[in-house]
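Student: Mind looking over this structure? Questions follow.
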Amino acid sequence: TQLLEQSPQFLSIQEGENLTVYCNSSSVFSSLQWYRQEPGEGPVLLVTVVTGGEVKKLKRLTFQFGDARKDSSLHITAAQPGDTGLYLCAGRAGGTSYGKLTFGQGTILTVHP
Amino acid sequence: NAGVMQNPRHLVRRRGQEARLRCSPMKGHSHVYWYRQLPEEGLKFMVYLQKENIIDESGMPKERFSAEFPKEGPSILRIQQVVRGDSAAYFCASSPPGSTDTQYFGPGTRLTVL
C-alpha cells in the first residue's frame, strides 16, 4: 500500500502548456516536500510546506498543501523543456518518527520543444 | 557552499564482498539519513543518524546492513556479503539542526552487485 499516491505517473506535454501533478494520501502529514530528480542524480529539494492551505510559488511553479494536510499539488505554468524530470512528493506522516520521510512513486514529466 | 557529498558515485562488487558507502553532510548539518532506491521503485527510508547516535533504523534490513556517523568523518553505510538484490542507488541526505523534515540529498552511490 502506497502511503503517498502521485498522479499522473507519466506526463508528456508541449512547451508552453500548463500542467498539474497531484500527491494524495489518506493520512495527515506534518509536512510535505516536493523534489525534482534527473537521471543519475539525487533529488533536489524544491519546496517544503507545513501549514494546511499553504501556497508557495517558485517562479513558474506553484505548490499547494491541502487544508486537511492530506494532499498537495504542483502546478507548472508555461512548461519548458528544462522542466523535464522526475517529480517526487515526500512527507512525514503524523505519528511517524522525525526524519523518516515517505516518498511517492513520482511523476515523469517530459516537455517537448 | 558544498552540498551533500557521497562517494563513490559508482561501486561494483561481487557477491559476498563488502560495500562501504560514504556521505559527508552539508556544512552545519547535524542529521544524516540514508535512503535506497531500487529499480522501478521509489525511495525508501533506511536509517536516521546524528553524530555517534542511531536515531531510527526501522528501515534497515535486519542482517548485513549497518550505518554509523562518527564524531569525526563521514557517515558510512556498510553492506556485508552483498547479494544481487542489494543492487540499487543509495542516497544520503542531511538536514540542519531543528529541521528534520527538510532534507537535502546527495548525488547517490550506484551499487552494482555482479
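Every number in this text was worked out from the coordinates using simple rules, so none of it is lab data. The structure presented is a predicted model; accordingly, all values stated were derived computationally and were not measured. Ideal geometry is used to build each Cβ from the backbone, glycine not excepted, and the neighbour counts take in all protein chains shown.
Student: Quick check: is even one residue across region B:7-16 at negative phi, of a type in the set (D, E, K, R), assigned to a strand (DSSP E or B) and surrounded by 13 or more Cβ atoms within 10 Å (Cβ to Cβ)?
Tutor: Within region B:7-16 (the criterion being at negative phi, of a type in the set (D, E, K, R), assigned to a strand (DSSP E or B) and surrounded by 13 or more Cβ atoms within 10 Å (Cβ to Cβ)), the answer is yes, since at least one residue qualifies.
Student: Another question about this same structure. So, in region B:61-81, how many residues would count as being assigned to a loop (DSSP other than H, G, I, E, B) and within 14 Å of chain A (Cβ to nearest Cβ)?
Tutor: Qualifying residue count for the region: 1.
Student: Can I ask one more? Can you tell me which residue in region B:94-107 is nearest to the other protein chains (Cβ to nearest Cβ), limited to those that are of a type in the set (S, T, N, Q) and either in a strand (DSSP E or B) or surrounded by fewer than 19 Cβ atoms within 10 Å (Cβ to Cβ) (or both)?
Tutor: B:T102
Student: Do any strands (runs of 3 or more DSSP E) entirely within chain A hold 1 or more residues that are at the interface with chain B (Cβ under 10 Å from one of its Cβ atoms) and closer than 27 Å to B:L38 by Cβ, and if so, which? Break it down stepwise before answering.
Tutor: Values: elements: A:5-7, A:10-14, A:19-24, A:29-37, A:44-49, A:55-58, A:61-65, A:71-76, A:85-93, A:107-112.
Passing ranges, in order: A:5-7, A:29-37, A:44-49, A:85-93.
Student: Residue by residue through region B:60-97, note down the ones that are of a type in the set (G, A, S) and either more than 26 Å from A:Q33 (Cα to Cα) or under 10 Å from the mean Cα position of the chain (by Cα) (or both).
Tutor: B:S66, B:A67, B:G73, B:S75, B:G85, B:S87, B:A89, B:A93
Student: I would also like to ask the following. Among the listed residues B:R84, B:R110, which satisfies the condition of being within 10 Å of chain A (Cβ to nearest Cβ) and more than 29 Å from A:V49 (Cβ to Cβ)?
Tutor: B:R110
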